[in-house]
């Protein structure tokens, strides 16, 4: 099974943009963190419909801890990574 992970950090870069990384590769930039998270959730829902693909959205909290969510973005996933 293929695993795709969208990462969104808590802090923006020096230009004030939030990056969405897919499997560690920067793909898109957004002016707000909310927009970056919304994009990642939307894309994860699309990819999650493909058979054999597991998709997670990983979001860094203010405490520096990364938390993984399934494409519904409503509950943390535990024991997958």
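Scanning the stretch 1-25 for residues that are out of contact with any strand residue (DSSP E or B) (no Cβ under 8 Å at 6 or more places or on another chain) and touching a residue at least 60 places away in the same chain (Cβ under 8 Å) yields a count of 0. Within the stretch 57-81, the set of residues being touching a strand residue (DSSP E or B) at 6+ places or on another chain (Cβ under 8 Å), over 18 Å from residue 23 (Cβ atoms), at pLDDT below 90 and in a loop (DSSP other than H, G, I, E, B) comprises 73, 75. Give the residue that is surrounded by the fewest Cβ atoms within 10 Å (Cβ to Cβ), with candidates limited to residues of the stretch 37-64 that are free of Cβ contacts under 8 Å to residues at least 40 places away in the same chain and farther than 20 Å from residue 3 by Cβ. Checked the stretch 37-64; the qualifying residue surrounded by the fewest Cβ atoms within 10 Å (Cβ to Cβ) is 63.
If the condition is being part of a helix (DSSP H, G or I) and surrounded by 13 or more Cβ atoms within 10 Å (Cβ to Cβ), then the stretch 24-36 contributes 33, 35, 36. Selection of the stretch 8-23 for residues being loosely packed, with under 14 Cβ neighbours inside 10 Å and closer than 17 Å to residue 43 by Cα yields only 23.
The values are calculated or read from the model by the stated rules, or taken from the named source; none is laboratory data. These numbers were taken from a predicted model, which means no experiment stands behind them. Note that we place each Cβ from the backbone using ideal geometry, even for glycine, and neighbour counts take in every protein chain shown.
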